Amino acid sequence: MREFSLRKKDRLRKSIDYKKLNLSGKKIENHEFILIYKKNVLKNSRLGITVSKKVGIAVERNRIKRIAREFFRTNRYLFIIGGVDFNVIAKKSASSKSNKDLFESLKEVEKKIDNKIRL
């Protein structure tokens, strides 16, 4: 059961980590999400999720964050590539999409990043 949890060491938690990632990370985007990624010096990959107030009310923002966490939690095997930091940024259009559409959108972003990181 522990392998499916999203532990503290698997998350970006400090503001400085987000800033470094946003300044020097590579960006992939689609209609609903922007994914910024960068190699880190740690052995594990970390996830950060950013959903601004422009996206919608708190209920919508929290729903989008839950879906993003669930995607990375259940597809962890796709992101075991050494130390890479990820920041998922939701766009305003994400609030009008269903849960299934958001999950598919994250799959689409993952496929794009898969080709770039593993090369």
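Every number here is computed from the coordinates shown, using simple stated rules; none is lab data. Being a predicted model, the structure only gives us computed values, none of them experimental. We place every Cβ from the backbone using ideal geometry, glycine too, and count neighbours over all the protein chains shown.
Quick look at the numbers
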{"quantity": "Average projected area [Cα convex hull, the chain], square nanometres", "calculated": "7.3"}
{"quantity": "Rounded to whole Hz, the Karplus (6.51, -1.76, 1.60) HN-Hα couplings of region 42-58, x for glycine and proline", "calculated": "7, 8, 10, 7, 10, 10, x, 10, 10, 9, 7, 5, 5, 5, x, 6, 4"}
{"quantity": "Taking the chain and dividing mean pair separation by its residue count, relative contact order in percent (alpha carbons under 8 Å, at least six apart)", "calculated": "34"}
{"quantity": "Length gained when the stretch Ile34-Lys112 is fully extended (0.36 nm per residue, less Cα-Cα span)", "calculated": "26.9 nm"}
{"quantity": "Cα-Cα over 27 Å, subset of Lys20/Lys97; Lys19/Lys53; Lys43/Lys91; Lys43/Lys97", "calculated": "Lys20/Lys97; Lys43/Lys91; Lys43/Lys97"}
{"quantity": "DSSP-defined antiparallel bridges as percent of all bridges, region 2-117, nearest 5", "calculated": "65"}
{"quantity": "Longest exposed-site-free window of the chain, the sites being trypsin sites (Lys or Arg not before Pro) in a DSSP loop that have at most 14 other C-beta atoms within 10 Å", "calculated": "55-117"}
